[in-house]
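Student: To start, I am sharing the structure in question, which I have written as structure tokens.
The values are calculated or read from the model by the stated rules, or taken from the named source; none is laboratory data. Being a predicted model, the structure only gives us computed values, none of them experimental. Note: ideal-geometry Cβ built from the backbone for every residue, glycine included; neighbour counts use all protein chains shown.
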2 protein chains.
Amino acid sequence: MTAPGPPVPLLDRFRAGDPRALARAITLAESGMEGARPLLRAARERAGRAVVLGVTGSPGSGKSTLTDGLIAHLRGEGRRVAVLAVDPSSPYSGGAILGDRIRMLRWHADEGVFVRSLASRGALGGLSPRTLPVLALLEGAGFDWVILETVGVGQSEVDVAAVCDHTLLVLTPAGGDGVQAFKAGIMEIADVLAVNKADLPGADRTVRELRAAQGLGAHDAHTWFAPVLKTVASQGEGLAEVVEAVLAHRAHLGEEGLGERRERRAEFEVRTLVQDRVLRRARELSGDLYARVARGELDADAAADELLSGG
Amino acid sequence: MTAPGPPVPLLDRFRAGDPRALARAITLAESGMEGARPLLRAARERAGRAVVLGVTGSPGSGKSTLTDGLIAHLRGEGRRVAVLAVDPSSPYSGGAILGDRIRMLRWHADEGVFVRSLASRGALGGLSPRTLPVLALLEGAGFDWVILETVGVGQSEVDVAAVCDHTLLVLTPAGGDGVQAFKAGIMEIADVLAVNKADLPGADRTVRELRAAQGLGAHDAHTWFAPVLKTVASQGEGLAEVVEAVLAHRAHLGEEGLGERRERRAEFEVRTLVQDRVLRRARELSGDLYARVARGELDADAAADELLSGG
């Protein structure tokens, strides 16, 4: 029997690409532990190489199946892929978590795939403050692609577009999805549009409607028109084209555009942290701050000053 | 010719219920002017009597028509009604603003109705920081009902529920609206549900689905099950029942529950102000704060500290 050597520090194991070290780092970051800070710094120093893709779409659009198809396609090209699945929607729905577990089992044996799901919800309904550090860890862990998948509900889909390099919006031919997306203003967030389940009737019409709608927005010669692609994710159809379109958008952004997206991601993280702290500070302060505002005894502006000055 | 007396101060005219003074106060509050503060304090001292109802629903659900019908019904009962229409959605859509203008013309001659529309968007996609002061002014201006109408897109519908006493969610029988609302988790925000355009096929089925879905959530003997009502707003059908359901919810909340809602509204206002200031502070600070975080030179936590300490 050989005596075990001294334990290798977590930071070194993380730097060496040990998947268990990554999992541990994520757990630390998720719970907001101090111990995550050196790991996050190490991750950020190496960030900026991964393609950070957001995938969003309404419940039932098949975006999890599509993400799964992207994993398979990218693995076929030898790429290492990390997926962070976030479900900040209703506590009613538990389906996404189950699906993630099935997916995790499927890729369990492949060291080139890392899947993690977070079921947390931010204070304002969008991504929670802890999502961004986890994303940063994945970005710095040496994956070629990092996919952030979230159900397209409320604030979360706007948030996803704010924190990724590219956003893929998944729609279906059913029920005027295209027109709804246009009316609801979510087409603006998409860099690539996939009309999934394109073997259902109405797919061509949906594609036409989406393309027509794109022409209505303000645009000039430099405007990126999100490619509208047909996919049948369950059959693996159209996924190569999706990857191609994402890379075309990456070329369109260029180094400068990608730098801006990374900055926007950092801004989002800092701002959610600030929000989180203000919220905690408000809880620690005398409990009747808001009641005093509600009764007209205190200006809302004065209350905001009080929170920002630390009480 | 008699010499005009000295001008009556705005505050006195606002207190006396002069609609032009209210309009001026709203303009001041909307642009964040200091002059709005005494008016806001005066409004808050008298607040708490109005029924503050949020009306939200997807584009095309007919919520503007329904709001219009509610105005007509409430006027028939001698109630004074203010409507604040907010469209924080896509810059693509201009329809809501046009509709508001038509509505404003319709009620122009009736001193018991006040309509204002705001086309502003908050930093995080929801209600802008200036919506709440405007709401407070309307609440304190002596109206019996204050209706906040917003398109049900993203964060704005969650926000509306956070700032009103009661939330009316408007759906249609078309395209599985009910199931979508359930899946997307927005049913939770509704205190009253209207299946509008109930003369279209599928209305009864949608009502049944919504009622069935309600039973699935966690509930006990004190849970308020949002009444699911059929309306045909364009014909004025079902509006009396909607008003009745809102008042039933008001009775259910009681003085304590309404006090809590008013506090939540104040909390929301203070928090959006804090967010707004942090945003401004971040802009004033050396421009590369976020870039330094993106490059890994600065912790996101340290950046948040810097913003909160005033730099």
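Student: Does segment A:282-303 hold any residues that are part of a helix (DSSP H, G or I) and either buried (at least 19 other Cβ atoms within 10 Å of the Cβ) or within 7 Å of chain B (Cβ to nearest Cβ) (or both), and which are they?
Tutor: Of segment A:282-303, the ones part of a helix (DSSP H, G or I) are A:282-284, A:289-294, A:300-303.
A:282, A:289, A:290, A:291, A:293, A:294, A:300, A:301, A:303 - these are the residues of segment A:282-303 that are part of a helix (DSSP H, G or I) and either buried (at least 19 other Cβ atoms within 10 Å of the Cβ) or within 7 Å of chain B (Cβ to nearest Cβ) (or both).
Student: Right, next: Run down B:70, B:53, B:39, B:22 and say which single residue is within 13 Å of another protein chain (Cβ to nearest Cβ), surrounded by 23 or more Cβ atoms within 10 Å (Cβ to Cβ), touching a Phe, Trp or Tyr at 6+ places or on another chain (Cβ under 9 Å) and modelled with pLDDT of 80 or more.
Tutor: Values: B:70 fails: within 13 Å of another protein chain (Cβ to nearest Cβ); B:53 fails: within 13 Å of another protein chain (Cβ to nearest Cβ); B:22 fails: within 13 Å of another protein chain (Cβ to nearest Cβ).
It is B:39.
Student: With the requirement that a residue be under 14 Å from residue A:15 (Cα atoms) and among the aliphatic types (A, V, I, L, M), what does segment A:131-149 give you? Please lay out each step first, then the result.
Tutor: Taking segment A:131-149 and keeping what is under 14 Å from residue A:15 (Cα atoms), we get A:136-143.
Those that are under 14 Å from residue A:15 (Cα atoms) and among the aliphatic types (A, V, I, L, M): A:136, A:137, A:138, A:141.
Student: Under 11 Å from residue A:172 (Cα atoms), free of Cβ contacts under 8 Å to residues at least 40 places away in the same chain and part of a loop (DSSP other than H, G, I, E, B) - does that describe any residue in segment A:202-218?
Tutor: yes
Student: So which of A:258, A:279, A:253 is in a helix (DSSP H, G or I) and within 30 Å of residue B:270 (Cα to Cα)?
Tutor: A:279 is the lone residue from the list that is in a helix (DSSP H, G or I) and within 30 Å of residue B:270 (Cα to Cα).
Student: Taking the criterion of being more than 27 Å from residue B:128 (Cα to Cα), modelled with pLDDT under 90 and of a type outside the set (A, V, I, L, M, F, W, C), would at least one residue in segment B:297-309 satisfy it?
Tutor: Scanning segment B:297-309 turns up at least one residue that is more than 27 Å from residue B:128 (Cα to Cα), modelled with pLDDT under 90 and of a type outside the set (A, V, I, L, M, F, W, C).
Student: Separate question: Quick one: would you say residue A:241 is modelled with pLDDT of 90 or more, more than 18 Å from the chain's Cα centre (by Cα) and more than 13 Å from every other protein chain (Cβ to nearest Cβ)?
Tutor: So residue A:241 passes the test.
Student: Going by the structure shown, is residue A:211 in contact with a strand residue (DSSP E or B) (Cβ under 6 Å, 6 or more places away or on another chain), surrounded by fewer than 17 Cβ atoms within 10 Å (Cβ to Cβ) and among the charged types (D, E, K, R)?
Tutor: The answer is yes for residue A:211.
Student: If I go through segment B:197-208 residue by residue, how many of them are crowded, with 18+ Cβ neighbours inside 10 Å, over 24 Å from residue B:252 (Cα atoms) and of a type outside the set (Ser, Thr, Tyr)?
Tutor: 4
Student: Here's something else I'd like to know. For segment A:295-305, give me each residue that is among the acidic types (Asp, Glu) and over 17 Å from residue B:279 (Cα atoms).
Tutor: A:297, A:299 - these are the residues of segment A:295-305 that are among the acidic types (Asp, Glu) and over 17 Å from residue B:279 (Cα atoms).
Student: Can you go through B:279, B:253 and tell me which one is of a type outside the set (Lys, Arg) and within 9 Å of chain A (Cβ to nearest Cβ)?
Tutor: Matching residue, one of B:279, B:253: B:279.
Student: Under the condition of being touching a residue at least 60 places away in the same chain (Cβ under 8 Å) and surrounded by 15 or more Cβ atoms within 10 Å (Cβ to Cβ), which residue from segment B:241-260 is nearest to residue B:62 (Cα to Cα)? I'd like the intermediate steps shown before the answer.
Tutor: Filtering segment B:241-260 down to residues touching a residue at least 60 places away in the same chain (Cβ under 8 Å) leaves B:242-243, B:246-247, B:249-250, B:253, B:258.
From what is left, the residues that are surrounded by 15 or more Cβ atoms within 10 Å (Cβ to Cβ) are B:242-243, B:246, B:249-250, B:253, B:258.
Values: B:242: 14, B:243: 17, B:246: 18, B:249: 23, B:250: 24, B:253: 27, B:258: 28 Å.
Ranking the qualifying residues of segment B:241-260, first place goes to B:242.
Student: A follow-up question, please. Any idea which residue in segment A:227-237 is farthest from the other protein chains (Cβ to nearest Cβ), counting only those that are surrounded by 20 or more Cβ atoms within 10 Å (Cβ to Cβ) and in contact (Cβ under 8 Å) with a residue 40 or more places away in the chain?
Tutor: Of everything passing the filter in segment A:227-237, A:231 is farthest from the other protein chains (Cβ to nearest Cβ).
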